[in-house]
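The values are calculated or read from the model by the stated rules, or taken from the named source; none is laboratory data. From a predicted model like this one, the values you see are computed outputs, not experimental measurements. Note that we place each Cβ from the backbone using ideal geometry, even for glycine, and neighbour counts take in every protein chain shown. Ligands, DNA and RNA are excluded from the accessible area calculation, which covers all protein heavy atoms including side chains. Shrake-Rupley method; radii C 1.70, N 1.55, O 1.52, S 1.80 Å.
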Amino acid sequence: MNKFGIVFLTALFGVLCIGYGTSYSADGPEAKQKLIEQLFKEVPPKDGVKEITCEQFQKIRNSGADYVLVDVLSPESYAKGHIGGAISFPVKTIDDKTVSAKLPKNLFVVVYCGSFQCHASTIAAKKLSGFGYKVFDYKGGLREWQERGNALVK
């Protein structure tokens with residue numbers, strides 16, 4: 001084989017390896033989880049709670065990362081409408097007996113309530129953080145979600 005052939009094959013091999021590596025890391029489950037882990041590191045706690053914006057929440061939702069979305073309002077409110085994919089876990093029912101049955105410890109948790117004026121999600125986030133969960137508080141809640149053109153699920 002001549003020098004041109006060796007150079008060509010070496011370059012081709014390099015391109016294939018780089019392409020494979022990039023594709024694997026960009027689409028793999030590890031990369032999806034890294035996004036949410038990085039966000040958790042970047043968001044500073046405010047009064048012990050990591051509050052996120054609607055944009056940050058959307059970034060988590062669209063990332064494909066594994067997390068649990070928790071509606072902390074009453075069961076009646078949840079039945080009237082909630083963010084798609086959310087589970088109902090009213091703030092008043094969060095305690096050391098119920099939390100392990102409802103939430104896996106290895107996943108990030110995003111809590112929300114009615115709006116910026118509602119404090120149920122902040123209370124829930126503090127409780128869950130106290131039990132060792134990695135929690136984000138989506139403060140805008142149901143009101144902001146709908147104001148931004150998103151539908152609720154019934």
Query raised in the report: With each pseudo-label sitting 7 Å past Cα toward Cβ, what's the residue 53-residue 32 distance in nm, one decimal?
Result: 2.5
Query - Burial ranking of peptide ranges 47-53, 88-94 (average Cβ count within 10 Å, highest at the top) - result: 88-94, 47-53
Query raised in the report: Under 18 Å from the Cα of residue 102, which aspartates and glutamates turn up, not counting those fewer than eight places away in the same chain?
Result: 66, 71, 137
Query raised in the report: Counting only heavy atoms of protein chains, what accessible area per residue, in Å², does the stretch 55-154 have with a probe of 1.4 Å?
Result: 50
**Report entry** Per-pair calculated FRET efficiency, R0 = 22 Å: residue 66 and residue 97 via Cβ, rounded to 0.05
**Finding:** 0.35
Report summary line: Counting only protein heavy atoms with a 1.4 Å probe and every protein chain in place, the carbon and sulfur fraction of the accessible surface of the stretch 47-89 in whole percent equals 49
Query - Out-of-range pairs (alpha-carbon distance over 30 Å; input 80/127; 34/139; 59/97) - result: 59/97
Requested in this report: Could you check the simple spin-label distance between residue 42 and residue 134, using points 7 Å along Cα→Cβ, in nm with one decimal?
Outcome: 1.5
